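All of the numbers you see were taken from the coordinates with simple rules; none came from a lab. Just so you know, these numbers come straight off a predicted model, no measurement behind them. For neighbour counting, all protein chains shown are included, and Cβ atoms are generated from backbone atoms with ideal geometry for every residue, glycine included.
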C-alpha cells in the first residue's frame, strides 16, 4: 500500500505543479520498476555468494586431484573449475547419458549424499592407462565390465578422500563412497524437484579432455549454508594464518633432512684409463692439498671448507659462507 499524503503535502504538490517545478510529461515517461516472476517450483536456495564459495572449495579440490591422480595414471592431469549453477535434481539426471559413471558419496557428518559425475570418455581413458595403454578413450561407448568397475571404484575412493581438506574450513568431513552407479535411474538420492548446486570441473588427462560434475543437494548442505559465504570463509582463512601456524611450518622445515656433500676435486680421464684402474693408483685432481673444498647443500654450492677428521670419521671445517651473488 502506497504512502498517504496529508492535506498540506497535497497543497504543496499542487503549488509546485502550478509553478512549473514538476514536468508532468517527464513523470509520465518514467518506466515502472520491472517485476521478476518467482517460480515456487524452483525456489532460489543457493545465492551467488554460495556458488562462489563452492567454486573456491572445488578450486582447491581440483589442485589436489591434479597432484594425486597422476600417481595412479602416470600421466599429466589438469583440473580446473569451469562453471557453477543451480538446477533441480530432475534436470541434472535427465541430462545424463547411459552408461554413466556416478559416485554416490555419503557426506558425513552432514545428512544426505552428493554425487560425482565423471564423463565416460575420461573413465575409458583412465582405464586404458591403468591397464597399460596410452590412455586413449573408446571410439564408441559401451557398458563397463566388472573388472573395469572395480578399477574405477578405486579411483573414485581416492578422489572421495581428497574432499576432506577443501571442506575443513566449513565442516570436518568424513566422506565415504557409498556405491558406484552406471545407470542414472539408480542414483535417485533426493526428490526430483529438490534444488541442487552443480559445480563443473574441466579435467584433462593427457590429451583427453572432459568434465566432472559435482552434484550438491540443498538438503545435504542446509545445516552449513550459513558458513558458505565469503565473509565467513575469508575470516576463517585469516584466522588460520596465525603465529602458531608459522611456528609450526618453521619447526617442520627445521626437521627436514637435506643432503650435504663435500667435493675434494674433479678430474677427467678417458675410458681406457678408467678400465685399467687398480688399487693403489693415483688420480690427479684439479685442486691442491691446502686449497678449500666446495660444500654443496643439495645442488647449491653454499660453503668452502678444509678437510680433516673427527675421531674415526672424516670431517670438514667451514671456512666461509657463499652468498647468492658469489655462487
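Structure above, values below:
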quantity: Full-stretch length increase - residue 157, residue 91 - with 0.36 nm per residue and alpha-carbon distance subtracted; calculated: 21.1 nm
quantity: Gyration tensor verdict on the stretch 249-327 (Cα atoms; rounded if a/c is under 1.5, prolate if a/b is larger than b/c, oblate otherwise); calculated: prolate
quantity: Gain upon complete extension [residue 301, residue 111; 0.36 nm per residue less C-alpha separation]; calculated: 62.7 nm
quantity: Residue 247 paired with residue 7, simple spin-label distance in nm, labels 7 Å along Cα-to-beta-carbon; calculated: 7.7
quantity: Distance between the stretch 56-104 and the stretch 251-268 - C-alpha centres, whole angstrom; calculated: 42
quantity: Listed peptides 155-161, 46-52, 129-135 by packing density, highest first (mean Cβ within 10 Å); calculated: 155-161, 46-52, 129-135
quantity: Global form of the stretch 48-248, assessed from the alpha-carbon gyration tensor, a/c cut-off 1.5; calculated: oblate
quantity: Difference of contour (0.36 nm per residue) and Cα-Cα distance, residue 185 to residue 134; calculated: 15.1 nm
quantity: Simple label model, 7 Å out from Cα along Cβ direction - residue 320 to residue 71, nm; calculated: 4.4
